[in-house]
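The values are calculated or read from the model by the stated rules, or taken from the named source; none is laboratory data. Not measured: the values here are computed from a predicted model. Cβ atoms come from the backbone with ideal geometry, glycine included; neighbour counts cover every protein chain shown. Please note that ligands, DNA and RNA were not included when accessible areas were found on the heavy atoms of the full protein model with its side chains. Shrake-Rupley method; radii C 1.70, N 1.55, O 1.52, S 1.80 Å.
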Amino acid sequence: MTQRAQDWWKHALVYQIYPRSFADSDGDGVGDLQGAIGKLDYLQQLGVDVVWLSPVYSSPQDDNGYDISDYQDVDPTFGSMADLEALIAGLHERGMRFVMDLVVNHTSDEHPWFVESSSSRDSPKRDWYWWRPARHGHEPGTPGAEPTNWRSFFSGPAWELDESTGEYYLHLFSRTQADLNWENPQVREAVYEMMRWWLDRGVDGFRMDVVNLISKTVEQDGSLPDGPAIPGTSLGDGSALFTDGPRIHEFLHEMHEQVFAGHRLLTIAEAPGVTAREARKYTDPDREEVSMVFTFEHMNLDVGPSGSKWDLAPLRLPDLKANLSQWQEGLAESGWNSLYWNNHDQPRVVSRFGDDGEHRVTSAKTLFTVLHLLRGTPYVYQGEELGMTNAPFSRVEDYQDIESLNWASSALADGTPREEVLEALRMKSRDHARTPVQWDDGPQAGFTTGDPWLPVNPNHTQINAEAAVADPDSVWHHLRRLIELRHTRDIVVHGDYRLLLPEHKQVYAYVRTLGDEQLVVLANMSSEPAQIDLPQELGLGGEVLISTHPDAAPGQGASTVQLAAWESRAHLGTH
C-alpha cells in the first residue's frame, strides 16, 4: 500500500453534518438521516471526501445527542438503523467516507449502564461511573458537600447527589451526562467492543468528543483532589486534574490496539486545552494513538482575562498568526493538524472573525483561503460553504442551547447586566451554528415543510445553497476550487510552512515550499485596504492559483503589494 493510500485523510476535506439542522425529510421541523441522504449529490459536487456525522444515537436530547442512552441504536428523531446504513452506503457509492461522532467520556443518565450503576451501592456496575460520598464532615445535599470543588463546563458543581443511594456522581458537563470511569477495564472493553461493532457496519473512523478528559487524576486513597479556587465563586477549576490526565495516552494506545489497528481509519481526538507539544504525543504515528486532534487554542483568542468564552475580547491578528504558526511548526516533523473555523460548538466564523456586513462574501472566501492552504486536514461545517452568519436573536428566551441558557441564568443571577449577557450570547452562543441550513430562498429556507426546531435565519433569502451553486463567484465555488487544489497539488498537502510579517495587524502572509515549488499566500483579514512589503527575494511570479479579486493586478515580481479589503490570493512559483 502506498503512503498516500495509507494516509488518505491528509488529502481529504471533511464536512460536518449536524443532523438536527441539516435537512428535514418528513416535515417535523427536525433534520434527519433521509434528509442528509437527499443532499449527498450536493456534497459530492462540492468535492467532499469525508462526512462527519454528529451523534444520531438514542438519546434524551438534553445536549442535542451528546448524551447517549444507547450506543448501538439510532434515535427515532433522526430515523432508523436502516436509514443510517443507507447513508453510509450512499456515501461509499459516491467515493466518500463516513466518520461517526462518538462520546465516551460520559453517557446519558438514561443509559442502561448508568441505570444499573445507580440502582445500588452494591451494583456490579457501580464503579463504571465516578461515585463518591459527600465531603468529610458534610451532610449530603448541603452546600459544599460535593466530593470535590470542580465546576462543570455547563456551570455549577460537577457533582450531582443521587438521593436513593446517598452518593454523588461526577458530570463534567450536564447533570444528565455522567462521566464513565475509564480506570475500570470493564468500561474500556465495553467501549472497544461497541466501536468494533460500528466498524463492522462500514464506519471509516471516529471523531471522539472531549476524549482527552477520560483520564482523571486519582489520589492513592481513590479520592479525587480539589482544584484551585475560582475567584468570586465557591467552586474550583479542576481542569488540570482531568485534562490530558495521567493515563490518557495509555488508554488511547490501548484503543488503537483493540479497535483501530489493521484499518485505514480517520481518528480525531477532540482535545480541549491540548497544546501543540502535547498534540505531538497524540498524533505521532509511531505512538499509535489517533490521526489528529482538535485544538481549541485559536478558538480562545477572542476571550478576555477571565478565560470564560463569554468574556468578550477583540481578536488580534498577530495572536492568531502566532498560534496557527505554532501548530504548523509544532507538528511539522511528526503528527498532523486539523484545520477548522467552525463546528456545532462555535459561532459562525464570518460573524466572529470576518465581516458579515459589506464584506461577507470576500471575508468568507479569505477565511477559507487562509485556513485551507495550511498544512493539515481541513474541516467545513454545514452552511460554512455558503458564508452563513450568526442569527439575529434578540432575547435570552430565543436561545435553546443548554450551555447558553445555563450561563445566562447564572450570569443574570450574579448581577451581570442583561445587555451584557445578550451581547455575549449574540457573539458566542452555540445556537448560531445550529440554525437550519439555508437551502433556498423559499419558506423555512427549504430546510423543512414544517416549523423548524430553531428559527431559520431571515437572511436566507439572500444567502442560500441554490443561489450559491448557481453563482460562479460565490463562497461555495471558491471553496470548491480550494478543495480541488488540495486534491491536485502536493504542495498544499505536504509543503513546509513559513510565516511572513508576523506583527502585521491586517495581513496574514505565509509561504509553503515543496522541492522547487513555492506557494505564497497573501490575505488581508481586515475591512480596510492594506499595503505590505515582501522580502525582495520572494517575488510573486508564477501562476495565481486562487484569488478573491481575480481582476486585481497580481503584482508580478513586485515587493510592495496593495490588497483591497479582505482580498486574498495564492501565487505558485519556484524558488
Within straight-line cross-link reach of Lys505, lysines at Cα separation under 17 Å, skipping those fewer than 8 residues along the same chain: Lys321
Once a ≥ b ≥ c are taken as the square roots of the eigenvalues of the Cα gyration tensor of segment 358-404, is the result rounded (a/c under 1.5), prolate (a/b larger than b/c) or oblate (a/b not larger than b/c)? oblate
The chain: calculated mean residue ellipticity at 222 nm from DSSP helix runs of at least 4, using -39500 (n - 2.57): -7500 deg cm²/dmol
Spin-label pair Ala240/Asp533, simplified geometry with 7 Å Cα→Cβ offset, distance in nm: 4.5 nm
Can you figure out the FRET efficiency of Glu503 with Val544, using R₀ = 25 Å and their beta-carbon distance, to the nearest 0.05? 0.45
With θ taken as phi - 60° and the coefficients 6.51, -1.76 and 1.60, list the Karplus ³J(HN,Hα) couplings across segment 188-194 in order, rounded to whole Hz; mark glycine and proline as x. 4, 5, 5, 5, 5, 4, 5
Sum of side-chain charges, Met81 neighbourhood, beta-carbon under 12 Å (Lys, Arg +1; Asp, Glu -1): -4
Can you work out ³J(HN,Hα) from phi for every residue in segment 174-183, in order, using Karplus 6.51 cos²θ - 1.76 cosθ + 1.60 and θ = phi - 60°, giving whole Hz and x for Gly and Pro? 5, 5, 8, 10, 7, 6, 6, 8, 6, 5
Which of the trypsin sites (Lys or Arg not before Pro) found in segment 465-527 are loop residues per DSSP with 13 or fewer other Cβ atoms within 10 Å of their Cβ? Lys505
Hey, how many Å between the Cα centroid of segment 64-82 and the Cα centroid of segment 283-314? 28 Å
In terms of modelled amide H atoms, which long-range or inter-chain residues lie less than 5 Å from the amide H of Asp101? Leu53, Arg207
Separation between Cα centres of segment 92-131 and segment 490-518, rounded to whole Å: 43 Å
Name the residues whose placed amide hydrogens come within less than 5 Å of the amide hydrogen of Asp162, ignoring near sequence neighbours (fewer than 5 apart) on the same chain. Glu167, Tyr168, Tyr169
Counting other Cβ atoms within 10 Å of each Cβ, which chymotrypsin sites (Phe, Trp or Tyr not before Pro) in segment 271-380 have at most 16 and sit in a DSSP loop? Phe296
Normalised Cα Rg of segment 115-268, dividing by 2.2 N^0.38 Å with N its residue count, works out at 1.13
If you average the C-alpha positions of segment 434-484 and of segment 350-389 separately, how far apart do those two centres end up, in angstrom? 14 Å
Roughly what % antiparallel, to the nearest 5, for the DSSP beta bridges in the chain? 65 percent
Full-stretch length increase - Gln258, Asp441 - with 0.36 nm per residue and alpha-carbon distance subtracted: 61.0 nm
Whole-percent carbon and sulfur share, accessible surface of the chain, 1.4 Å: 47 percent
Could you go through segment 229-245 in sequence order and give the Karplus-derived ³J(HN,Hα) for each residue, using 6.51 cos²θ - 1.76 cosθ + 1.60 with θ = phi - 60°, rounded to whole Hz, and x for Gly and Pro? 4, 8, x, x, 9, 8, 9, x, 9, x, 4, 5, 9, 9, 9, 6, x
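Send over a whole-number figure in Å² for the accessible area per residue of the chain, probe 1.4 Å.
Accessible area per residue, the chain: 38 Å².
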